[in-house]
Amino acid sequence: MIVGMQYSLLGVPFQRDAVLDISVIVPTHNRRAVLSRTLTLLDAQVGVGGDIETVVADDASTDGTSETVAAAARRVGYPVRYLRLERNAGPSAARNRALAVAQGRIVLFIGDDILPDPGFLGAHLRWHAAHPAATAAMVGHTRWADEMPRTALLTWLELRGTQFCYGDMRDGAVVDYGRFYTSNVSLKRAFLDASGCVFDERLRFCEDSEFAGRLAGAGMTLHYNAAASAQHLHPTTLASSIRRMGALGRDAATLESVSPENFARITGGAFSAGSALRGRLLRALLSPALGRLVYTPLAALCARRIAADRLFAAAHASAFLSGLRAARAGRAS
């Protein structure tokens, strides 16, 4: 249960009946430095052509995030609204609290480590103006930050790995709802309200695809617009990426109970209990022991030198399966 939620408006007077063009929703937890840069870059946008607000949902940060947001609100030229959850509840809960107060006709989800390019907001607004159908949603392009050393691992994660899959997305095309990346995605508020969908607060990972699956069931079509571009400032190593996949696997056990169809879909059915021979063989090949002793060490040799997509994929899938098995065992005990 979330208690002690705090609401305040920072920067400019708030009119409760105001209707804005776009609300930028930013869940955050203990990333005050990069969040400050995100808020500053939202103020440096060009060609916006609309009224904006940013709603920061602070998921019980302990690093002085509230002071950082207050300082940013005093220097930027748009309304900054701040919500604090007194107990850490995950990004789903944070986004839901922000949605409850957001007033934009368009809702744009980004991360607290996203650095928007100068034309970012304008690209989102122009796209929705050109695609007025209530069900039309748009995902932009998120690349690794230019200031981060580029590695084979980061290229794989961005283009065809477990983070994003931009490598097979064509600009302007309708894409699968699984590409509903909450680092950079927008949709109409009217459709969102009509669908009745909110993020499932039981999920800390996979929550975006589960949410998008229900939106797609309500009629959403997701389009890719490469012009809405931003950078992702999140230093990532093979070790940290493998840890993330283990955590994702543990949370996927919750997804399996919440939405078995979505779980089977994002895993290709290979990790579903009682799946066919091919799935059992794949699970054996991705055993945690092979992951620790073979795939991850080999992937580490390649992470900075040559592309090793299959090794990266095997190491990450093995970590996912390890986390999933641990969560399943915990539930069974």
Can SER259 be described as within 20 Å of THR28 (Cα to Cα), among the small types (Gly, Ala, Ser), touching a residue at least 24 places away in the same chain (Cβ under 8 Å) and buried (at least 18 other Cβ atoms within 10 Å of the Cβ)?
-> no
Looking at the range 58-94, which of its residues are surrounded by fewer than 17 Cβ atoms within 10 Å (Cβ to Cβ), not in a helix (DSSP H, G or I) and not small (Gly, Ala, Ser)?
-> THR62, ASP63, GLU86, ARG87, ASN88
Can you name the condition, by its number, that PRO132 falls short on among (1) under 25 Å from VAL48 (Cα atoms); (2) of a type outside the set (Asp, Glu); (3) crowded, with 17+ Cβ neighbours inside 10 Å?
-> (3)
May I ask you to list the residues in the range 199-230 that are under 24 Å from PRO149 (Cβ atoms) and surrounded by fewer than 21 Cβ atoms within 10 Å (Cβ to Cβ)?
-> ALA226, SER229
Starting from the range 87-103, take each residue that is touching a residue at least 12 places away in the same chain (Cβ under 8 Å) and list its partners that are part of a helix (DSSP H, G or I) and buried (at least 23 other Cβ atoms within 10 Å of the Cβ), counting only C-beta distances under 6 angstrom and pairs at least six apart or across chains.
-> SER92/GLU207
The listed residue being of a type in the set (Ser, Thr, Tyr) and at pLDDT 95 or above, out of THR162, THR151, THR182 = THR182
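The values are calculated or read from the model by the stated rules, or taken from the named source; none is laboratory data. What you are looking at is a predicted structure, and each value in this text was computed from that prediction instead of being measured. Cβ sites come from the backbone with ideal geometry, for glycine too, and all protein chains shown count toward neighbours.
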